[in-house]
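This report refers to the structure that appears directly beneath it.
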Amino acid sequence: MKVYEKAPAKINLMLDVLRKREDGFHEVEMIMTMVDLADRLEMEELSRNTIVISSQAGYIPLDEKNLAFQAAKLIKERYKVDKGVYIHLDKKIPVAAGLAGGSSDAAAALRGLNRLWGLGIPLDELSRLGAELGSDVPFCVTGGTAIARGRGEQLEQIARPPQCWVILAKPPINVSTADVYGRFRLSQVEQHPSTEGMAAELAAGSFTGMCQQLGNVLESVTLKLHPEVEQLKESMRKLGADGVLMSGSGPTVFGLVSRESKVARIYNGLRGFCKEVYVVRMLT
Ligand code: ATP
């Protein structure tokens, strides 16, 4: 038997850091939502009791460092499954981009193996299990649009964003999330985005309001380290995107666009100097 799962990329419509905790993690408040750029996982039971990962992407680990491997190992151990699995990852989401590709793969592996092995684990339980793998995994398990608090594991589902185009552009640099949080200083944040403000605009279905409320305090780190990310934001704005923000710890920048007629111009303008540009839809 085989099961398939899609693992969509996430973007942060807002990301705020409230404080640094004693355990070293940062207390965050974020609003996350999915876009229709997705990896695809194929999972097949193996007669041998092992976990095997393959992928066409040459640039991700295929051993126990792979987050889908870790998800399979965790669910096997916790639910005492004495079976093996072969997982093929068809990667479409750029890696280390701020789009939670690895976390979404882990989440999709949890959902898929729950079905493959008929474990009947409720989604909220799977989401809690996901928190052991990474801060973005719980949200990726449930999907939708949510306020994430704590380390990212306390989720509250809220109204989905209004439908629009999302243009993603990833400059050719890799950013480590851990490094960005390590360099983050609350005192250097000039303006905190408003969680309530963004949630209210989403509840009202206001595209313009959503664009006005975009904000990500991690830009204070990544934009200084990599000025090309700031330039990319500026170019997207000049080309006509209605709202522009860096996703997660970066370096991917996304532009929100309501009118289809603008999309081609922005895409072509960006492609002139940035190789990785994707035009996708908001998953609503
Ligand atoms: P986040 O937004 O959650 O911080 P990200 O988009 O910045 O995530 P990922 O694409 O998840 O970053 O990759 C981060 C690291 O995880 C990379 O160094 C990569 O080698 C490793 N990794 C492990 N498993 C995977 C996977 N299945 N897909 C992509 N990267 C993976």
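The values are calculated or read from the model by the stated rules, or taken from the named source; none is laboratory data. Worth saying up front: this structure is predicted, and the values here are computed from it rather than measured. Backbone-built Cβ (ideal geometry, glycine too); neighbour counts: all protein chains shown. Side chains included, ligands, DNA and RNA excluded: accessible areas come from the protein's heavy atoms. Shrake-Rupley method; radii C 1.70, N 1.55, O 1.52, S 1.80 Å.
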Handout entry: In nm, spacing of pseudo-spin labels at Thr208 and Arg128 (7 Å Cα→C-beta vector)
Key = 4.5
Handout entry: Given charges at beta-carbon only (K, R positive; D, E negative), |dipole| of the range 65-208 in Debye
Key = 500
Fill in the blank from the handout: Debye calc, one equal point scatterer per Cα of the chain, no solvent, log10 I(q)/I(0) at q = 0.07, 0.12, 0.14, 0.15 1/Å comes to -0.25, -0.74, -0.99, -1.12
Problem - Whole-number accessible area per residue in Å² for the chain, which is evaluated in the context of all protein chains at 1.4 Å - result: 44
Fill in the blank from the handout: Note to self, the chain gives a 222 nm [θ] from helices alone (DSSP H runs n ≥ 4, -39500 (n - 2.57) apiece, / all residues, nearest 500) of -10000 deg cm²/dmol
Fill in the blank from the handout: Tilt, helix 227-239 to longest principal axis of the chain (alpha-carbon atoms), in degrees rounded to tens, equals 70
Problem - Helix 195-204 vs. the chain, principal-axis angle (Cα, 0 to 90°, nearest 10) - result: 90
Practice task
Once you've got the GNM for the chain with C-alpha springs shorter than 10 Å, pick whichever of Pro193, Pro172, Pro138 has the biggest mean-square fluctuation.
Solution key: Pro172
Handout entry: the range 2-157: projected area of the alpha-carbon convex hull, averaged over directions, in nm²
Key = 8.9
Handout entry: Per-selection metrics, the range 110-229 (Cα): Rg and Dmax in Å
Key = 17.0, 50
Handout entry: Rg/Rg_ref, the range 165-281, where Rg_ref = 2.2 N^0.38 Å and atoms are Cα
Key = 1.07
Completion exercise
About its Cα centre, the chain carries a charge dipole, from +1 on Lys and Arg Cβ atoms and -1 on Asp and Glu Cβ atoms, whose size in debye to the nearest 20 is 540
Exercise for the section: Could you work out which residue, out of Ile31, Ile93, Ile158, moves most in a Gaussian network model of the chain, that is, has the largest mean-square fluctuation with Cα springs under 10 Å? Expected result: Ile158
Practice task
Taking DSSP loops as anything outside H, G, I, E and B, show the longest stretch in the chain free of chymotrypsin sites (Phe, Trp or Tyr not before Pro) there with at most 13 other beta carbons within 10 Å.
Solution key: 60-272
Practice task
Treating the angle as unsigned and between 0 and 90°, give the value, to the nearest 10°, between the Cα long axis of helix 67-78 and the longest Cα principal axis of the chain.
Solution key: 40
Problem - Estimated FRET transfer efficiency when R0 is 45 angstrom, pair Lys73-Gln191 (beta carbons, to 0.05) - result: 0.60
Fill in the blank from the handout: Relative contact order of the chain (C-alpha contacts under 8 Å, at least 6 apart) in percent is 22
Exercise for the section: Provide the FRET efficiency to the nearest 0.05 for the Asp179-Leu62 pair, computing r from the beta carbons and using R0 = 22 Å. Expected result: 0.40
Completion exercise
Rounded to 0.05, the calculated FRET efficiency for the beta carbons of Arg21 and Asn268 at R₀ = 35 Å is 0.20
Problem - Cα-centre dipole for the range 2-157 with unit charges at Cβ (Lys and Arg positive, Asp and Glu negative), debye to 20 - result: 240
Practice task
Putting +1 on Lys and Arg Cβ atoms and -1 on Asp and Glu Cβ atoms, find which of Ile147, Leu133, Cys211 reaches farthest to the positive end of the dipole of the chain.
Solution key: Cys211
Fill in the blank from the handout: Summed over the other residues with a beta carbon less than 13 angstrom from that of Tyr86, with K and R at +1 and D and E at -1, the charge totals 0
Problem - Under 5 Å, built H, 5+ apart or other chain: amide partners of Thr145 - result: Ile158
Problem - DSSP-loop GluC sites (Glu not before Pro) across the range 30-100, with at most 15 other Cβ within 10 angstrom - result: Glu64
Problem - GNM top mover of Gly209, Gly118, Gly197 - the chain, alpha-carbon springs below 10 Å - result: Gly118
Exercise for the section: Run down the lysines and flag those whose C-alpha is under 26 Å from the C-alpha of Lys275, throwing out any fewer than 8 positions away in its chain. Expected result: Lys6, Lys10, Lys91, Lys92, Lys170, Lys224, Lys233, Lys238, Lys262
Problem - In the range 68-163, trypsin sites (Lys or Arg not before Pro) in a DSSP loop with at most 12 other beta-carbon atoms within 10 Å - result: Lys80
Practice task
Name the residue farthest towards the positive end of the dipole of the range 1-87 from the options Gln70, Tyr59, Met1, assuming +1 on Cβ of Lys and Arg, -1 on Cβ of Asp and Glu, about the Cα centre.
Solution key: Met1
